[in-house]
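Notes to accompany the following structure.
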Amino acid sequence: MSQLKKVLAIGPHPDDIELWCFGTMCRLANEWYEIYFLVLSRWEWWSNGIDRTEEARASSHLLNCTLYIEDLPDRYMTHGQDTISIIEKYVAQISPDIVFIPSGNDVHQDHRAVFQASLVAVRMINEVYVYQSPSTTTNFHPTAYFDITDYIKTKIQAVRIHSSQGWKVYMADRAIEWLAEYRAFDIFRNDRFMEAFELIRIIK
Ligand SMILES: [Zn+2]
């Protein structure tokens, strides 16, 4: 029997994967891919008190995926060796077929840093996609779309679990739905919900 294909999603913060590619993760899990989440930070810096680990665990349980959560400093991540070596460690351990990473065209410094570090760490991976965040700039130009119509409710549920962030407007149910509808309009699938990505490369 052939081995299951593996997908690794990398999030700088505990809600990034849920917000920007969770529907796609649900879809791929349903297509029998093995799903892995790597979250690079757990603490919210300004509160000095919110440990977001349990929220990350709870939402990953909706998918029954494997979650790894690290402890890089929120807002102070670098694109250098400290971040690269953490990602490289999990890439070597998991050996994913497909990887999802944040955008480098982003006003959040952690997202830019993790994009840069990921490019190095996943250089040998055949299929790599960039996801969109609320801080991604207008230079995000999607070229790959995943239909998440069957999973939009699960995605909303996953985002709701991150209640420590619930006051942010992009966490609202309607924000999740409207972005997914807008992305469907991009490609004239007007009755669907989509997540959109930039394809870095695919090697077959
Ligand atoms: Zn983030």
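Brief remarks on what is shown
- As for the range 106-123, it holds at least one residue that is touching a residue at least 12 places away in the same chain (Cβ under 8 Å), surrounded by fewer than 16 Cβ atoms within 10 Å (Cβ to Cβ) and away from the ligand (no atom under 16 Å from the Cβ).
- Meets criteria (basic (Lys, Arg), touching a Phe, Trp or Tyr at 6+ places or on another chain (Cβ under 6 Å) and surrounded by fewer than 18 Cβ atoms within 10 Å (Cβ to Cβ)) for residue 57: no
- Test: residue in the range 140-155 that is buried (at least 17 other Cβ atoms within 10 Å of the Cβ) and of a type in the set (Lys, Arg): yes
- Within the range 184-192, not a single residue is crowded, with 20+ Cβ neighbours inside 10 Å and either in contact with a His (Cβ under 7 Å, 6 or more places away or on another chain) or modelled with pLDDT under 95 (or both).
- Residues located in the range 81-97, provided they are part of a helix (DSSP H, G or I) and within 16 Å of the chain's Cα centre (by Cα): 87, 90, 91
- Put simply, of 44, 54 the only residue that is free of Cβ contacts under 8 Å to residues at least 24 places away in the same chain and over 24 Å from residue 203 (Cβ atoms) is 54.
- Among the residues of the range 81-105, the one identified as within 22 Å of residue 51 (Cβ to Cβ) and within 11 Å of the ligand (Cβ to nearest atom) is 102.
- Test for residue 22: is it part of a helix (DSSP H, G or I), crowded, with 24+ Cβ neighbours inside 10 Å and not basic (Lys, Arg): yes
- Any hit, the range 132-139, residues being surrounded by fewer than 18 Cβ atoms within 10 Å (Cβ to Cβ) and in contact with a helix residue (DSSP H, G or I) (Cβ under 8 Å, 6 or more places away or on another chain): yes
- In the range 165-183, of all residues being touching a residue at least 12 places away in the same chain (Cβ under 8 Å) and open to solvent by 60 Å² or more (accessible area, probe 1.4 Å), the one that is nearest to residue 155 (Cα to Cα) corresponds to 177.
- Counted residues, the range 141-171 - those being touching an Asp or Glu at 6+ places or on another chain (Cβ under 7 Å) and part of a loop (DSSP other than H, G, I, E, B): 5
- Per-region count, the range 25-40, residues open to solvent by less than 10 Å² (accessible area, probe 1.4 Å) and either modelled with pLDDT under 95 or of a type in the set (Phe, Trp, Tyr) (or both): 1
- When the range 92-105 is filtered for residues that are surrounded by fewer than 22 Cβ atoms within 10 Å (Cβ to Cβ) and in contact (Cβ under 8 Å) with a residue 60 or more places away in the chain, the ones remaining, listed by number, are 94, 95, 97, 98.
Residues are listed down the side, and each one gets a yes or a no for (1) open to solvent by 40 Å² or more (accessible area, probe 1.4 Å); (2) within 16 Å of the chain's Cα centre (by Cα); (3) within 16 Å of the ligand (Cβ to nearest atom):
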| residue | (1), (2), (3) |
| --- | --- |
| 4 | yes, no, no |
| 7 | no, yes, no |
| 69 | no, yes, yes |
| 76 | yes, no, yes |
| 79 | yes, no, yes |
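The values are calculated or read from the model by the stated rules, or taken from the named source; none is laboratory data. Every value quoted in this text rests on a predicted model; they were computed, and no experiment measured them. Reconstructed Cβ throughout: ideal geometry from the backbone, glycine too, with neighbour counts over all protein chains shown. When the accessible area is computed, the model is the full protein with side chains, heavy atoms only, and any ligands, DNA or RNA have been set aside. Shrake-Rupley method; radii C 1.70, N 1.55, O 1.52, S 1.80 Å.
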